[in-house]
Structures are given as C-alpha cells and as structure tokens.
Amino acid sequence: MTESIPRAAMPLPPTAALPRRRLLCSLGVGVLAGVAGRSVSAAPGEAGDGPIVQPRDPEPEAFLARAFALRQRALELGDQPYGAVVVRAGRIIGESVSRVVIDFDPTGHAELSALRDAGRRERSASLSGAVLYSSSRPCPMCEAAAYWAGIAEMIHGRDGRSAGAPRLCG
C-alpha cells in the first residue's frame, strides 16, 4: 500500500518559481496542442455551426459592440463576463461567449473559443490576417493562441484599444 503525501509537502515543480506570464507561455504550447482538436459544444444560440449575423456597417465599433453583446450573453448564461469575435475582410468569421463555467473548461475563454469557432467555420487553423475583437485584453493563453492562428491585430475594451499583433511571451 502506498502512502499519500500531503499536497503541501509535495515538492514544487521547477516551473513554480517562474513569473506567471513566463510560466503560462512555457505551458501554452502544450495546453493549446491538447485542446486544439477538441470540439466544444455550443450552448443554444451561441458559437456553433449556425449562420453569424453580420453587422449592417462593418466598422470596428460594430465588431466591438458584438463582443460586448456576447459578454452580456455570457453573464445571462451564468459564465464569466467576456465575449469575442474574429473578423476577416470586414466579416465576422467566428464568435463566442466565455465558456469556462458552462463547459467546465479552464481554457474556454471567449477569445480562445472564438478562435476555435472561426477555425471550424473556415476549415483552417490559419486565421491569417484576421482581427480579434474582445471585451477585455486577452490573457497570455489567448494571446498565444491568436499568435499561432495568425491573427494580425487584437482590439479590446469599450474604447477599442489596440493591443497590436499578438506576441509570444514578450
């Protein structure tokens, strides 16, 4: 019979001493590789295979408004207050609410879920040249995913602040 070691007495892995952003970047590739092929079920009326309603005027303000409408929908569904859309050539190609709580998925951030939705709809892992609009600044995990997807620019917040092109760990 094996003796269990109390969690507090377990030695920390070497990465535990790294700053949070660096740790997330070092783990990011593995995390993203592990979830990239997984399909995420959509809540009724949320990111999925149905048609995306396009804004009348394909302007940045309209895309931000859609991200904030998805943020509100996430709250209505009982999830965290985040929403995101992926836009290429003036058209929304993917969108999502935060899915962390409703899917029991720590990687179900709105931005990551919107990238997954866009990839499924475009039938490609490359979203080269697309813009990611989100209700708040993407976290390091979402920024890494945007980088690997080829996102050209990330725009966030009510004022439409540009976070520039996604970068890895820097």
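The values are calculated or read from the model by the stated rules, or taken from the named source; none is laboratory data. Worth saying up front: this structure is predicted, and the values here are computed from it rather than measured. Please note: Cβ atoms are built from the backbone with ideal geometry, for glycine as well, and neighbour counts cover all protein chains shown. Note: accessible area is taken over every heavy atom of the protein model, side chains too, but ligands, DNA and RNA are not part of it. Shrake-Rupley method; radii C 1.70, N 1.55, O 1.52, S 1.80 Å.
Would you mention how many residues in region 80-107 are within 15 Å of residue 136 (Cβ to Cβ) and either open to solvent by 10 Å² or more (accessible area, probe 1.4 Å) or of a type in the set (S, T, N, Q) (or both)?
Qualifying residue count for the region: 6.
In region 123-170, what count of residues is obtained for those that are part of a strand (DSSP E or B) and polar (S, T, N, Q)?
So the answer is 2.
When region 56-79 is examined, which residues are found to be under 23 Å from residue 153 (Cβ atoms) and either touching a Cys at 6+ places or on another chain (Cβ under 9 Å) or open to solvent by 40 Å² or more (accessible area, probe 1.4 Å) (or both)?
56, 57, 58, 59, 60, 61, 65, 66, 69, 71
Yes or no: residue 146 under 11 Å from residue 86 (Cβ atoms) and touching a Lys or Arg at 6+ places or on another chain (Cβ under 8 Å)?
no
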